[in-house]
Structure formats: C-alpha cells, structure tokens
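Asks: The structure's right below; bear with me while I get my questions together.
Bear in mind these aren't lab numbers, they're just calculated from the coordinates by the rules spelled out. What you see is a predicted model; the values in this text were computed from it and never measured. Using ideal geometry, Cβ is built from the backbone for each residue, glycine included, and neighbour counts are taken over all protein chains shown.
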Amino acid sequence: MNNEIMNETAIIQQLLSDLLIILSAGFIAGVVCKRLRLPMVVGYLLIGALIGSGVLGIFKSNPAEDQSDGTTINIVKTEEAGDGSAAAKAEKKDDNGHDTPDAVIAAPSEQPIADAGLIANKDFDSKEEEHILVLEANAVEHRILDQFAHFGANLLLFAIGIHFSPSELGRIWKHFLAGGLIQMLGVIVPFGLFFQLFGFDWKVGVVLGCAVSLSSTVLVFKSLEDMGLATSLSGLRAVAILLFQDVAIVPLLVIIGILSAMTNGAVTTVSPAAMLIGLAVKSTVFLTFIVGLRGIFVRFIVPFLLDLRNVELIVLFTMILFIGVCGVAGYLGLPGALGALATGVVLSDTRLTHQVSAITVAMRETFSAIFFVSLGALFDPHILFTMPIGTLGMLSGCLFLKTAAAGLAFWVLGLSFVPAMAMGLGLSQLGELSFILIAQGYAEKMFSYDVYQMILFTALTSILLTPLFLKIALAFSHHQPMIHHDDTNDPVIFPEDMSKRALVVGLGPTGAQVAAFLETSGFELSLIDMNPVNLHPYAQHGFQTIAGNANDLATLKLADVKMVSLAVISVPNDSFAGEIVDAVRALNDHCIVVARCRYSANIVKLEQVGANIVLCDEKELAHTAVETLEKLLH
C-alpha cells in the first residue's frame, strides 16, 4: 500500500505546528499571569504540564509515543551483518513499563533509517515499519525543537553574564569560591551518603545530588534586580553562589559520565584522572580565549561598531559572537551554556552593553517561553498517583537540604543566622541547568523513569514556589544596606577614635545636604568647589572654603586634606570624581572616602582608585523607585 511518509516539508510543518502550540500556550499563560500578577515562568511551566502528554496530550514531548495502543516504542538502530544495511528494532513497552517482544525490521539499504525524514512516497510491506519511520521523522523534528529550547536557556544565561564585568566578578571571588563550594557540597555529599546508608548505589545519589544542587540563576537574579537588591549584602552573595553553580556544570557533566561508566560496567580507555586533567586543560584554553576576545572587543570592535551607528549591524555582530563562542565551547567539549555566559561577560561593562541587552530582550523572552513550556511538557502527573509518598518526600527533602546547605553558605559568608536561612530558602529551587544533568543521568540509565519523573516534579514545583520563597527571603534581608566598596564587601563603619574632620568636594544640591548633615553631626568641615558662588554662603558662616579644582594637589593641601578622616566627593562627572579620589589618596591613605557616581559602570573604577563607598545615582534611583512603587501598589 502506498503511504506518504513524512518528508522534509512535513517535518518543517510539524515543527511550525509545535512552535505555534508552544508560543500560543505561552501567550495565554502570560496573559493570565499578568492579570494575576504572577511571574511569567510560573505560567509557562503550568501550561506546559497541561498541554503535555501526561494531561491533554496536545503537545507530545516524547516523540516515540504511540497513541494507537498506549504503548511506547523506542527505536534502536542496528546493523545487519553482511550487507551493512540499516535496521530498526522496535522495543515496545506496556503500561507497566515492561518490554514486549517485537521483530527487527530492516530499512531499505539505500535509505537508512537515520534519514527517514527524507523519505518521500514509498511502499512498505508492514504497517509497523511505516509507523516506526514516522516516529523517526518525529524524532528529527523534536530534536530541532529541543535545540530551540536550549537556545532559549542559553540566551537567559547570556543576559546574566552581560550584567557582570570581569572587574565586578573579581570583587566577589571569595564569595564565589567559598559560598559555591559549601552550598554544592552541602547537597551532593548528603545525597550520596543517604543512598549508601539505605542500601542504594551511592553513585546514583551523587548524580542526583549534582542535579539538585543547582539553583535557578535566571529567576533569583531577576527577582533581586527587580527588588533593587542585587548589590545588597545578601544579593551579592547569592549572585556569587549562583555563578559558581553555572561554571560548575562543566566538571559535573564529566563526573556524571565517569559515574555512569562505573555504574553500567562500561570499559573506558581513559582514566577518570585523565578525563579531569583534560577538562582542566580545555577550560584553561577556553578561559584564555575569552580573556583575549574581550581585550580585542573592548579595544577595537566597540569603537568600530559605535562609529557605524547602525542597530542592525550591532544585532548581527552580537548573534555572530554568541553563536561563535558557544561553538568554540562545544568544539572543546564544554557545555554551550558556559559559552553563552562567557559571551555575556565579553560584552559587559562597555558603551554597547545596555544597547545590546535592550535589542536582544525580545528574542530572549520568546525563546525562554519555548524553553519553560517545553520543560513543563516533560512532566507526567501520573507519578503523583502511582508514587505519591515518594514524590512528595523527594520534594520536601530537596527543599530542606538545599535550604540548609545554602543557609550555611550565607552564614559562613557573614550573614546572621535568620537572614542566612531565609536566603537559603530563596535558593532552594532546582535550576535550568539541573534539567541538563537530569537528562544526561536518565539517558545513561543511572535511574528509572519513575525517579526521573519524581525529580522533574521536584524541579518544576520548586521553581513554581520560587517567587514566594524569594519574597520571604528578601523580606528578611531588605533592611540590609546597599554596598559598593572593597573586595571584602563588609560595611564601612566610621571609627569612634578618629577625629571629626571632613572634606566635602562639590557644593551642588547633593553636596550641600551632605555638608549640612556633617556640620550638625559635629564635624569640622573643609569645602571645595569650582564655583565661588556656591561657597559664598558657607564662607559667611566661617567654614573653610577653597575655590578651585579638587584634582589639583595644591588645592587639596590648602584644604588640609591630610588631616581629614572623611572625604565626600560629590561631583556630577564620574571621570572627574575618579581623578579627585586618586588625588585625595595620594595625600591621605587613612581617611574614609565616599564618592558619588552617575553610572553603575563606573563604580568599580572609583573603587579601584581608592573610594571606600560609592553611591551610584542610577542604582539609588532605581532602589527608591521600587520602594515608592511598592508603597503605591501595596
């Protein structure tokens, strides 16, 4: 019988159909979430589970599902001895997951089953053979769709990387290493011990612990940024831990591969030590490549693109860089997610940063919808009815363990106990990269389908609860001060034994209020401004005033800068402020310097020349705006 088998056009049509279903579902979920004031990701995950094969079956995340008889067919390629023709073995599983026998069906030698999507019209002797080829074509289409979803996840990581310049990452490296290691080991080690204690394979526990230890960088960072707390004491520590997790995905994938080989008894010609050494070499090569690429980008490419003044060309270059860096990571055997994060870092802290972030937001949001809806569609709700105690126990245990491990990390990094545990709760969800590790572990047959679904339930539920958990966490940490100072990230406190002499540079509206506050606080003031008119009222009241450039050492000496214990630099030009801080430090290395800057990109530069505290107009305004809107809306 002649039957039209799915060809290239049909695959494209099916792909477009699936994209239409996913994006339409995402749009509906987005509208509902907007009305209910819920995060978009919550709606994406819920509607994904609703349209997935476990509920309505509108979108089938598993291409091998056979709707005709309720069984599942796994297509396994084999080779016929002698003629080398391809064959496909249909392994059927019944409702209980048990194998059912079937025959090995040979595909025509001139058209291997791997190319089934390219087959046009052809007669088949068996309806089963035709059905398997259709399933193979569906698998091709789903692999393409899966690439779309992973591309969306990578764009989300790109958006995170672009917020952190190398200099800012250098400020939190201590928290990055200490906090990240404590949090991840605090989850992985107990998982392995638990499995060993109860007679299970500890290697499976370690694999599950690796997946569970990761949190959602995207959700947590976005919530911190929306609340204006990304630079708070708890916010900086949370970001450091999350970035460590993102980087740790590389060795975790290698570790899972090693444990899988040990569990399945596979014979490998490369020792685990050699694999880890190879990973270290590849990572070093990639890091060197990124450092060199950023230097070239900042020195040559940024001026070139700015000179072109064309948004379309900036978009094209951004996508070329994004795909290229991810490609280099893949060529070295590293995850594309790491390449996406590195691309963001390359583009960060330049004159193009805000523009690139703005022009990629639409594409980023579209692909993130595909990613999260697809994740929701993977979940089969039947696990709640077949194994309710184990499923809910897995969820409760993971939330408790992750909260405790992250809380311990925050406590070690300097937060008091209650805010530390609250922030630990905010990091208790499973992250986007967890799904990569879960999928690899399941593909390597490290655990069963039921365990896979239990972990998916834990991941999706914890992500759904994240907005609530973060509200609790931020409520406890909201009172903590915003900070921008040295690498220790500890609050700067004015010593009681220091003399109360202060220098204020810049007597505009801000500087005038600072001077008034310091004067009423008992400080003896020296005032510098380029405009004598601003200084005249203070001179009338007996203050020491000097008209001139504060970046001139002679001017600072007239103000007795060597004797002051506090210097406040309040000028509207960031470059000029940096010069003044540098000059003050040349004459006085013990005083506390508080500097004002307009743009957040210049915070680190002012800290590098000697400012203890930097107050940024952009960030302080954003923080004030959020607080005002919170009061207005609630």
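Asks: Just the number, please: Stokes-Einstein D of the stretch 574-634 in µm²/s, Kirkwood Rh from C-alpha pairs, 37 °C, 0.692 mPa s. Write down the numbers at each step before the final one.
Replies: Working: Rh = 12.6 Å.
The Stokes-Einstein estimate is 261 µm²/s.
Asks: Still on this model: What distance in nm lies between label points placed 7 Å from Cα along the C-beta direction at N310 and H382?
Replies: 5.6
Asks: Using the Cα gyration tensor of the stretch 272-404, with a ≥ b ≥ c the square roots of its eigenvalues, what is the shape: rounded (a/c below 1.5), prolate (a/b larger than b/c) or oblate (neither)? Could the numbers behind the result be given before it?
Replies: Numbers: a/c = 2.91, a/b = 1.65, b/c = 1.76.
Oblate shape, in that a/c is at least 1.5 and b/c is the bigger or equal ratio.
Asks: Let me ask you something else. Taking only Cα atoms of the stretch 504-621, what ratio of Rg to Rh do you get with Rh as the Kirkwood inverse-distance radius?
Replies: Details: Rg = 13.1 Å, Rh = 14.1 Å.
In the stretch 504-621, Rg relative to Rh is 0.93.
Asks: On to the next question. Taking 0.36 nm per residue of sequence separation and subtracting the Cα-Cα distance, how much length would be gained by fully extending the chain between A439 and T284, in nm to one decimal?
Replies: 53.1 nm
Asks: Right, another one. Taking the Cα centre as origin and putting +1 on Lys and Arg beta-carbons and -1 on Asp and Glu beta-carbons, what dipole magnitude results for the stretch 243-372, to the nearest 20 debye? Mind dumping the intermediate values first?
Replies: Details: 6 positive and 5 negative charges, 38 e Å.
Magnitude of the dipole: close to 180 debye.
Asks: Below 12 angstrom from the Cβ of T350, what's the summed charge of the other residues (Lys, Arg +1; Asp, Glu -1)? Working shown, then result.
Replies: Numbers: positive: R294, R299, R351; negative: D349.
It works out to a net charge of +2.
Asks: I've got another one for you. If the viscosity is 0.890 mPa s and the temperature 25 °C, what Stokes-Einstein diffusion coefficient in µm²/s follows for the stretch 338-428 when Rh is the Kirkwood radius over Cα pairs? Could the numbers behind the result be given before it?
Replies: Details: Rh = 17.0 Å.
For these conditions, the coefficient is 144 µm²/s.
Asks: To the nearest 20 Debye, how big is the dipole of the stretch 344-455 about its Cα centre, given +1 on the beta carbon of each Lys and Arg and -1 on that of each Asp and Glu? Intermediate results must be reported in sequence, preceding the final value.
Replies: Numbers: 4 positive and 6 negative charges, 39 e Å.
Using Cβ point charges on Lys, Arg, Asp and Glu, the stretch 344-455 gives about 180 debye.
Asks: If I model a spin label as a point 7 Å beyond the Cα along the Cα-Cβ vector, how far apart are those points for V302 and H590 in nm?
Replies: 3.8
Asks: Across 5 Å bins from the origin, how do the percents of Cα pairs in the stretch 411-467 run, short distances first?
Replies: 4, 17, 20, 17, 14, 12, 8, 6, 1
Asks: Further question: What distance in nm separates the two pseudo spin-label positions at I320 and A274, each 7 Å out from Cα along the beta-carbon direction?
Replies: Rounded to a tenth, the inter-label distance reads 4.0 nm.
Asks: Taking 24 Å as the cut-off for C-alpha to C-alpha distance, list the pairs among K34/K631; K174/K562; K174/K605; K282/K402; K174/K402 that go past it. Don't skip to the end; give the middle numbers.
Replies: Details: K34/K631 19 Å; K174/K562 33 Å; K174/K605 20 Å; K282/K402 30 Å; K174/K402 21 Å.
Table pairs above 24 Å Cα-Cα are K174/K562; K282/K402.
Asks: Let me ask something additional. Could you tell me the calculated FRET efficiency between L632 and Q608, based on Cβ-Cβ distance and R0 = 35 angstrom, to the nearest 0.05?
Replies: About 0.40, to the nearest 0.05.
Asks: On to the next question. Any idea what % of Cα-Cα pairs in the stretch 266-330 are farther than 16 Å?
Replies: Working: 1284 of 2080 pairs.
That fraction is 62 percent.
Asks: Still on this structure, I have one more. Let's test the formula: R0 of 30 Å, r as the Cβ-Cβ distance of H536 and S416. What FRET efficiency results, to the nearest 0.05? It would help to have the intermediate numbers written out before the result.
Replies: On the way: r = 48 Å, r/R0 = 1.60.
In this case the efficiency is close to 0.05.
Asks: Reported to two decimal places, what Rg/Rh ratio describes the stretch 517-578 when computed on Cα atoms with Rh from the Kirkwood expression?
Replies: On the way: Rg = 11.7 Å, Rh = 12.4 Å.
Rounded to two decimals, Rg over Rh is 0.94.
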